[in-house]
Each structure stands twice: as structure tokens, then as C-alpha cells.
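Read through the structure below, which is laid out as C-alpha cells, and then see the notes.
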Amino acid sequence: MSRLGHIIYREWHTRVRRKAFILGTLLVPILIAGLVGLVAWLDQSEMEYHRVLVIDESGIITFQNDSANARLPRCPRCFPQREHLVYRFTNEALSDQAFLQSEYTAMVFFDDGILQHNKAKFIFDKTPSLRTKASVESDISAAIERLKVQEELELDFQTYQRLKTKINLVDEDVVTKDGNAFGRSIIGFVFSLFMFIQILVYGMHVMRGVIEEKSNRIVEIIISVVRPVELMAGKIIGIGLVGVTQVLALTLLGFLIFQIGGLSLEWSGALTSGTNAELELDFKTWIAQSSSVGFLFDVNWPLMIGTALVYFIAGFFMYASLFAAIGSAVDQESDAQYLMLPAMLPLLAAYLMAGMAMENPEGDLAVIGSYIPFTAPILMLIRLPLGVQWWELVFSMLGVILTAYVMVRISAKVFQTGILMQGKKATFKELFRWLRYR
Amino acid sequence: MTEPLALEISNIQKKFGSEFALDRVGFSVPQQGIFGLLGPNGAGKTTLLRMLNGITAPDRGKISFYGEPLGRHHLPSIGYLPEERGLYKSMRVGEQALYFAQLRGMEKSEARSRLKKWFERLEVDGWWNKEVSEVSKGMAQKIQFILSVIHEPRLLILDEPLSGFDPINAQRVREVILELKEKGDTTILLSTHDMGSVEEMCDEVALLNKGHLVLNGKVPALREAARDGRIEVTFRGTVMAFTVAIGASAELLSIQEDSTHAGEHRAMLRLPEKTDVAEWLHWITGSVALTSCTPWRPGMREIFIHAVEQKITEMP
């Protein structure tokens, strides 16, 4: 292994074996998945058993069945059997006292005025969950809707249900033929957000690593063996690889959680067709037919991931070399604050622009931002899922790579002087002076 | 054919801003000895040592290493223990030692076997698997010393190698340095402010001050050359009788009771230039019972101070 290889390996290895890294990388997604599972479980367990008394004072959706000696709904299918919800019907109101002493947990009260104002009174002792309330609302609405359809249109309910239509706008770019622009820009935003976090977090790692070597006085021994620029490059590549390792681990974990979650949903039978509630679907088909996430299968993932990787490498070199130069110029982290600000400004600006670019991915802000090397790694990723011209991508990438090269050269000059300076306050004037040293 | 010099430094210059860190400095370091690089703080020693390690380059002048212009390809043949030295706190001792040895171009297996021997030699072998943060300062110093010699360099640059050691460990490291010299494979360039070590270990020295070379030569020759006619005598009898006896024949610089021999006194005298010492001794012994007479040779401390301040402090 070359000297550079040894430096890269040390930077990578000493970080990925740290407990904080392992916990952060492996446990956090598991914790997030666990949290989501816990919320889902709590949500499920919250579906406490409810007996709801429907008081149809005017008898508009119920009738007295003498043979059953009970009041029954005219539309039994409007009140489907649910494990957590059972209905009883009456046309006589209960007093509050009688309700409290009864076996019912809630009662819905309405008269024929409901046909005009669409309102019913929901009375309960203990606040039911939103899910229970939504179920009751849905069921009563269905029953009233059926009544209206029958009375006003003389149309049977099944026919009405069949004819009822909800239109979704399916968007398509005339050039790329891609659809769901908003969903795609969200994918781009997630990528760019991740890019921002990775560059910032691991760029700071580079700076801290340099300050550690400088303050621990190790640096003089190392640069008596390797060139300062090799040390800086080794550090940037090694720490960059830590970021890549984390992304790979998170991707793998995310994929596993996605698959396991999908399989669990399949087994639970919760994945039904949007148009036919009785048709159970497998997870992939369910996603593909979903109007909100179906576009996930239309995104060109290899292009997206490949491009993100190129932008990450070039963008990380660009910013991390700056952070390394700053680290070399100071004796302790607190001294780096005022030098950090100008280095971080373009990155922060890119992040702020990303939010606006997501809403209008083809606007001037996003387009110009995706050409400027300092903001391109973040903004181009927002535009990319929506389709960009090949020359735009090449132009933007070359700009970032060239700028990264220039930044590395400039930073290396500052680094090789700064890394050996002790107790000298580095001003911007001083940094510019170091650029001229041999 | 004569052996090439280990180092030949010719007329080098280095400027930082408007200040000269080194100005037309030149001297040679012969092979297989210990060469002392001396000078007060800010003299330019560290800048010069960094040049020898390829950390910085001279603005002018040249440096030859065993007859060749010094280049980066020579760096694996150089060992360096800087004055400001440290270790990675979050790494284990052995892992870190292997890392530095591999950076010096050694194979892992070879590095491991040599490190094992050095760790045993300097009694740090029980610390191989410990984190550096658990290691004492002296122990860390020994590990740093090992890292500078592990690759058996032709030129070993030691910048204050004994600072921070207790007397026992300092003596142990001093012995190792002298053994390396005796072995003859390594030329040692020693930068230190400890003049005792210079007298004990160095064959030759160069003294820098404010970026200029102010003194260069073999240690015994420099000490001999710095003699100024002083002699130290011990005698039996009274101070008064001694003072009267020498009269105006010598300048009495100091006189005191000899703590090692009862009834004797020790005096420092300076004889006028061109005095025949043998004749003067013959003359003085007629009136004073001299028990010893030694020509006084200044130590490196006095030579250092004189060279830097252009005067020798008065000795007791």
C-alpha cells in the first residue's frame, strides 16, 4: 500500500470503528424504523372497542324491524363490520344520565335537518380516537349519501358508486415524458439535503482532524514523510469514504427496512387496490399503482445515484479542502469560527435555494444555481429527476470538478504553511501571504 | 576515494516575509558521528531541520545528502524526532507504531518484528495494546523515539530528544543514541540546548544565531580554541600568603576553600599573554605549596553564551 493509501485507511478505519459512528449509522435507522413501528402499534392499540348508538330521530336512514325487534339501517353495507366499532340504532334520544349508565361509549344524534346542514351531534364520555371518529363520519355520510341518491335521482346506490369519479391530474414533461414533477422534485430535494448534510458534517470532520493533528503535534512527523498535500488529500479521501460508507450502510438498511415493512404490509392484507378495496396487492404493485409514490419506479435511479456520487466527490473535495485549510490555519476549533463563515456561506446559500428550487425546479434560480460550482452539487440534484439537458449536466459537473481542483491547489498552499504555524493568529491577509510561500 | 559527507549545506537562505530565517548558512556534517546543531531560540534551527526533512525548501543554496542533491526520495533514509511531537490519542500504541513504520516505507511484518525488539529494549512492550491516552508522557516519548529509528535511517535528526525524560530514562535513551553512533550506520544530527549532552555526545557542532552560522567545528578543538590563559590551581596555606606570592605575576579571578581537601584552597588565575607556564610554575612553587595546576578549558555552555553574546561570562 502506498503512503497515501495508509493515510486514507487510517482516517477511514479509526472513524468507522468508533462507537458513535456505528451507533449513528446502524442504530439510528433501526431506531427510526422502531419508532415508526411503535407509533403504528400504538395507533393500532388505540383502536379501543366502541359501541356507538345512532339516534336517527326522524328515521331517515333506519327502520323498525319487528321480526328482529330492533331498529336496523336501510343500508347495512354503509355500516360495515369492524372489530373495534359496533353500531346500535334507535330513534329515541337518550338523556345524558341514561347514556352514562348505558353500555354505549358514544352516540350520534341527528334528525332530518342533516339533509340540509350535513351535521350530526357526536356525544361521548371519553374522547374517541380520530380513527374511530373518522369511521363513524364515513359510515353516516355513506348512509345519508345513499338516501339522497335514492330519493333525488332515483338511482340505485351501486350504480351511483360505479359512476362516481375522482380525477387525478397526471403531469408529463413534453420533452422528457416524465410525470409527477412535484414528487420527483421531492426526490431531488432529499438527495440534495443529504448532500448538504454529508458535505457539512464530514467537511467539519476534516477540519477537526487537521486541528487534532496540529494541536497534538503529530503533523511534523507525518509531513516529514509525506507531502502536506498528500496528507490533506489522504485525510479528505479517507473521511469522504467514511461518508460513503455511512450512505451505503444507510441505503442497505433502508432497503431492508423497506422490504421487511412491505412484506409485513402484504401479510397484513392492508395493501388493497385504490379502485377495488377487496383486491389485495403485493407491495411493488401497490407502490406502482399509488398516485402519490408510484413515480418512484419512474425515476432513473442509476443516473440519479451516479450523478450524486460524482457531485459528492467533487463537491466534498471542494469544501473539505477549504475546511482543511482553515483547520491548518488555527490552533483550536474556537479560533476557526470566523474563518468558517465565508467558507460555509455558499453551502448555506445552496441549502436555502434548494427549498425554493423544489417548488419551481425549472425556474431561473434553480437553473443558474445548478451552473454555479459552489451551489451546483446541491441544486443540480433537485433538477435532475425532472430531466436536464446533457450539456447542462456536463457543463455543471466540469465546473464543479475544475473548481474543486483549483480549491484543492489553493488550500494545499495554505495548508502546507498553516499546518506548521503555532500560536500565530491567521488573518485573511496572512492566509493570502501564505499562498506565496514556497 | 574519500567518503561523501552525510550532509553538505551550502549557502542556504530562507526568508519568511521580510525576515531572514536563515541567511547564507553553510556547513558540513561528516558521516557516522553525532553532530550538534546549536543555537538560541529563533536562531533558525527548526527551519533548517524542516528543510532537511523536505518540509520546507530553501529560497537559495543547496543541500547534499551523501553526495547527492537532497530530494524527497531520500526521506525514507532520514529519521526525525521533532521537538514538538505527539501521537494520535485515539489509536492504540502498537497500531500507531505500525502506521508510522509503514509510512516510512516498511513492510508490516518487518515493522512488527523490529518494533517488538525496540519495545522490549526501551521497556514499553506491555503497552502495545493500550490507547495512547492511557500512556504516560515519558512512555509516549520513548515510543516517539522508537518511531524515529525504527526504519534504521542513515541520518537521524533528533530535536531535544531527552527533554521530558526523568534522569533514568534520559540516561537509557542517551545510551541508545551512543550505541547507534558506535554501530556506525547512522549519522546523528542532534539539536539541543543541553550543553552537557553536547559535551558528552557530540563530535562536532554548528551554532546558529539569528539565522547566521556563528560557530562550526569539532568540540575539543572549539574548547581548546576558546582557552584564554586561565589556569586553576589548588594550594595548601593561607589565602594571604598565596595572594602575596603571586603578586602581579597573574590576575586572581577567584579563590575559595576546596571542599574536597581540608586545608586546601582552589583559585582561578589568568596569566598574561605569552607567559611561559612551566617557568611561572617553577617560580611560584618556591613560595606556595601547589597541589595541582590545570589549564582551564571553557565548556560548551560558555562557548555558546560567548558566541551568542560575544563575551564569556566570568567564571567563579
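All of the numbers you see were taken from the coordinates with simple rules; none came from a lab. If you're wondering where the values come from, they're calculated on a predicted model, not measured in any experiment. Ideal geometry is used to build each Cβ from the backbone, glycine not excepted, and the neighbour counts take in all protein chains shown.
Maximal additional length on extending the A:Leu348-A:Ala20 stretch stands at 115.5 nm, based on 0.36 nm per residue less the C-alpha distance.
Taking the 0 to 90 degree range and rounding to the nearest ten, how far is the long axis of helix A:390-418 tilted relative to the main principal axis of chain A, both from C-alpha atoms? Compared with the principal axis, the helix lies near 50 degrees. Packing, as the average of other Cβ atoms within 10 Å across residues, places the peptides A:320-331, A:10-21, B:254-265 in the order A:320-331, A:10-21, B:254-265, highest first.
Diffusion coefficient (Stokes-Einstein, Kirkwood radius over C-alpha pairs, 25 °C, 0.890 mPa s) for region B:7-223: 137 µm²/s, rounded to a whole number.
Each label point was placed 7 Å from the Cα along the Cα-to-Cβ direction; for A:Arg74 and B:Ser109 their separation is 9.3 nm. Phi angles of region A:14-24 translate, via the Karplus equation with coefficients 6.51, -1.76, 1.60 and θ = phi - 60°, into HN-Hα couplings of 5, 8, 6, 8, 5, 4, 4, 5, 4, 4, x Hz per residue; Gly and Pro are given as x. Were the residues from A:Asp96 through A:Tyr9 laid out at 0.36 nm apart, the gain over their Cα-Cα distance would be 23.9 nm. Annotation: Cα Rg of region B:228-296 relative to the compact-globule expectation 2.2 N^0.38 Å equals 1.01. Between B:Ser133 and B:Ile255, the distance separating the two model label sites (each 7 Å from Cα on the Cα→Cβ line) works out to 6.6 nm.
DSSP beta bridges fully contained in region A:50-163 are about 50 percent antiparallel. Just flag the trypsin sites (Lys or Arg not before Pro) in region A:346-430 sitting in loop per DSSP whose Cβ has no more than 13 other Cβ atoms within 10 Å. Within region A:346-430, the qualifying trypsin sites (Lys or Arg not before Pro) (loop, at most 13 other Cβ atoms within 10 Å) are A:Lys424, A:Lys425.
From other protein chains only, count the Cβ atoms within 10 Å of every residue's Cβ in B:83-95, then give the mean. Working shown, then result.
Working: counts 2, 9, 6, 10, 4, 7, 3, 5, 3, 0, 0, 0, 3.
Across the residues of B:83-95, the mean count of other-chain Cβ atoms within 10 Å is 4.
For the segment B:51-57, counting C-beta atoms of other chains within 10 Å of every residue's C-beta and taking the mean gives 4. Taking amide H atoms as placed 1.01 Å from N in the peptide plane, the amide H of A:Phe89 lies under 5 Å from those of A:Val54, A:Arg71, each 5 or more residues away in sequence or on another chain. 3J(HN,Hα) along region A:371-388, derived from phi through the Karplus expression 6.51 cos²θ - 1.76 cosθ + 1.60 where θ = phi - 60°, amounts to 9, 6, x, 6, 10, 4, x, 8, 7, 5, 5, 6, 6, 4, x, 8, x, 10 Hz, with x in place of Gly and Pro.
What is the percent of Cα-Cα separations in region A:1-122 that go past 20 Å?
Details: 4834 of 7381 pairs.
Roughly 65 percent, rounded to a whole number.
Go through B:Lys62/B:Lys89; B:Lys183/B:Lys210; B:Lys14/B:Lys116; B:Lys45/B:Lys137; B:Lys117/B:Lys218; A:Lys121/A:Lys164 and tell me which ones have a Cα-Cα distance over 30 Å in this structure.
Working: B:Lys62/B:Lys89 38 Å; B:Lys183/B:Lys210 35 Å; B:Lys14/B:Lys116 41 Å; B:Lys45/B:Lys137 25 Å; B:Lys117/B:Lys218 34 Å; A:Lys121/A:Lys164 28 Å.
Cα-Cα > 30 Å for B:Lys62/B:Lys89; B:Lys183/B:Lys210; B:Lys14/B:Lys116; B:Lys117/B:Lys218; rest within.
Computed from phi, the 3J(HN,Hα) profile of region B:106-120 under the Karplus parametrisation 6.51, -1.76, 1.60 (θ = phi - 60°) reads 8, 6, 4, 5, 5, 4, 4, 5, 5, 4, 4, 5, 5, 5, 5 Hz, with x in place of Gly and Pro. Under a straight-distance cross-link criterion of Cα-Cα below 18 Å, which aspartates and glutamates are reachable from A:Lys126, leaving out those fewer than 8 residues away in the same chain? In chain and number order, the partners are A:Asp43, A:Glu46, A:Glu48, A:Asp96, A:Glu103, A:Glu137. Computed from point charges on the beta carbon alone (+1 for Lys and Arg, -1 for Asp and Glu), the dipole magnitude for chain B about its Cα centre is near 980 Debye. For the segment A:221-232, counting C-beta atoms of other chains within 10 Å of every residue's C-beta and taking the mean gives 5. Sorting the segments A:347-358, B:90-101, A:115-126, A:369-380 by their residues' average number of neighbouring beta-carbon atoms within 10 angstrom, most packed first, yields A:369-380, B:90-101, A:347-358, A:115-126.
The order of the peptides A:98-109, A:206-217 by mean Cβ neighbours within 10 Å, most packed first, is A:206-217, A:98-109.
Assuming R0 = 56 Å, what is the FRET efficiency of B:Arg24 and A:Trp301, from their Cβ-Cβ distance, to the nearest 0.05? Here the calculated transfer efficiency is 0.30.
Restricting the trypsin sites (Lys or Arg not before Pro) of region B:118-226 to loop positions (DSSP other than H, G, I, E, B) with no more than 14 neighbouring Cβ atoms within 10 Å leaves B:Lys130. Near the amide H of A:Ser58, within less than 5 Å, lie the amide hydrogens of A:Asp112, all on another chain or at least 5 residues away, with H placed in the peptide plane.
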